[in-house]
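Read through the structure below, which is laid out as structure tokens, and then see the notes.
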Amino acid sequence: MLDPFSFSTRSIFNVPIQLLSKELRSQIAAGEVVERPASVVKELVENALDAGADHIQIRILDAGKSLIQVTDNGAGILEDEIELAVTRHATSKLSTVKDLSNIRSLGFRGEALAAIASVSRFHLVSRNNENEKGTDISVEAGKLQGKSRLGAPVGTQVRVEDLFFNVPARRKFQKSGRSELGRIFDLISRYALIRPDVRFSLEVENKTRLQTSGKGDHREVLAEIFTPNIANRMIALDVKDEKLQLGGFLGPLDVTRSNRAGINLFVNGRWIRDIALTSAILQAYRGMLMVGRFPIATIFIDLPPDQIDVNVHPTKAEIRFLDGENIFRSVSRGIKRALMAHTPVSRIDPSLRWQANIEPILKQEKGLKQSELHLDPTNVPTEQKTQLDLPNVSNPLLRLVGQVGQTYIVAEAPDGIYLVDQHAAHERVLYEKFQSQRATMESQILLEAVQVEVNAKETELLNEQLELLNDISFSVESFGPQQFIIRAIPVLLIGSDPESALRVIIEDFEEDEGLLEKEKDAKLIARICKSASIKAGQSLSIEEQEGLLTDLEACESPRTCPHGRPTMIHLSVDLLEKQFGRKGAR
Ligand code: ADP
Ligand code: MG
């Protein structure tokens, strides 16, 4: 009888099942760990850190395709273990299954060196301080080529030449050199951030691209990675609760990015990616940044090792949290507090007044490095000033003095004078009311429905947003091919122009591509509030001025508008006294 499967079975699987050759096996496995030049750099630097090095040099040629060299002054490898080190599943960092749930080293899988050596021309020189001499071995495409002893300092140097020379498919698909160098730069920056006590130097095409001193100062590393100015203005985070220790640096709110790449997460010293944790962080920033913008933040989380599982993925960049929800909540709360405590009410910088006098001084001090000039104590949020030392940073209690230029409201508080931008302040007030009342907000039917005419493209954009608009208590319908009709608006917006509220929805719409639904939503509300808020140049009654101040005091983030601009400027009593020559010489 004819076996119905025989034909197809034989045609597809006409080769008998056999074990893959050792070489092929290690190449397949290598693909998981060593995806690209940057992953080689990552593994080698992690090994150096695990070996206790405090000086690590990285050299890159041809974006890592021709050379990746990492030299460290760590413990080195014992002479008789050196061959084992480049063997798969050989590690000195893990010996029992129990260890797997208590990992403190960066490596533990024992795969990296073997994997790298199987797809490159690989040289390793290492000397452990128990050995008189160093050992040098070379491996090519996974095959040991030679081994010899030689004089060498304690530590390890790994040289990876011609990466993927024996894996043409991989070599062909390598991205452009520039993007690879970008990754390597990011990578070294991250290790430098988490380990300011280690001296890193990254040399690309024989030029030093990144160098840290290893003196243990986070801000110095931040200055190297961002700019000295940004680094000095970053807010230090330092919170401890029963569950975790939260540290790091939050960028100033006026320095933002268009994507999440400025957010770096480290858990127990390991850089990780985590979508849920990232959104917990963004949650803390809600309403403080211009919508669609993302903060710069370097966050260190320390947890008991048994609270996480790092053995999720070969590159070890993803981890599993045992109690994710609680951890994320703690992180979000800690960051939010720090931000609230530090959102500076914009101060008049005393030096601004004397700009004319300051210039000659700058010229005299030309020898001074720019970074040192930024170290003005009045400008630097010092590390001691974490939220713990700022117990009650409550919103200022404002007493109305009056309106200036129909644009600013002058108010007095126990700690000085506040100048409030009426437009920005109202934007903030509306935005927070909108967000908090949104579920229960009522609509006000317009006595006369408003017709709005738009072009074809705008018609499409509006049609896409109709559902959301009706969701936030508008009543808008399509009315003819390029016409819409507004029948009702949210009560919160009574008194504002319904047509301009509708028009802002269309503005800059293309910008929104790539945003998450929730972000689009917040951005839309922020725009509507902007269009509906009191304008500069609008005269306000005493009651209106007082009402605005009271509403602003009640806001959760009163110091910036939803787009991140300041709502108020503070002239402290101290500053006034100095400026009037009552106190301390400048
Ligand atoms: P893993 O780091 O997961 O243990 P690797 O393949 O990266 O696996 O390294 C294998 C072993 O080689 C390590 O466990 C360590 O003992 C040794 N080793 C690798 N690199 C270094 C280094 N730079 N300094 C000292 N020992 C090293
Ligand atoms: Mg390793």
Orientation-averaged projected area, Cα convex hull of the range 260-341 (nm²): 5.5
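Around Asp241, under 11 Å between beta carbons, what's the net of Lys plus Arg minus Asp minus Glu among the other residues? The partial results should precede the final answer.
Working: positive: Lys240, Lys243, Arg329, Arg333; negative: Glu242.
That works out to +3.
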With r defined as the distance between the Cβ atoms of Leu576 and Glu460 and R0 fixed at 45 Å, what FRET efficiency is calculated, to the nearest 0.05? 0.25
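Among the listed pairs Lys42/Lys147; Lys433/Lys530; Lys42/Lys133, which have their C-alpha atoms separated by more than 18 angstrom in this model? Each step should come with its number before you reach the end.
Values: Lys42/Lys147 25 Å; Lys433/Lys530 13 Å; Lys42/Lys133 27 Å.
Over 18 Å apart, Cα to Cα: Lys42/Lys147; Lys42/Lys133.
Coordinate-derived values only; no laboratory data. On a predicted model such as this, the values are computed, not experimentally measured, just so you know. Because the Cβ atoms are built from the backbone with ideal geometry, glycine has one as well, and the counts that use them run over all protein chains shown.
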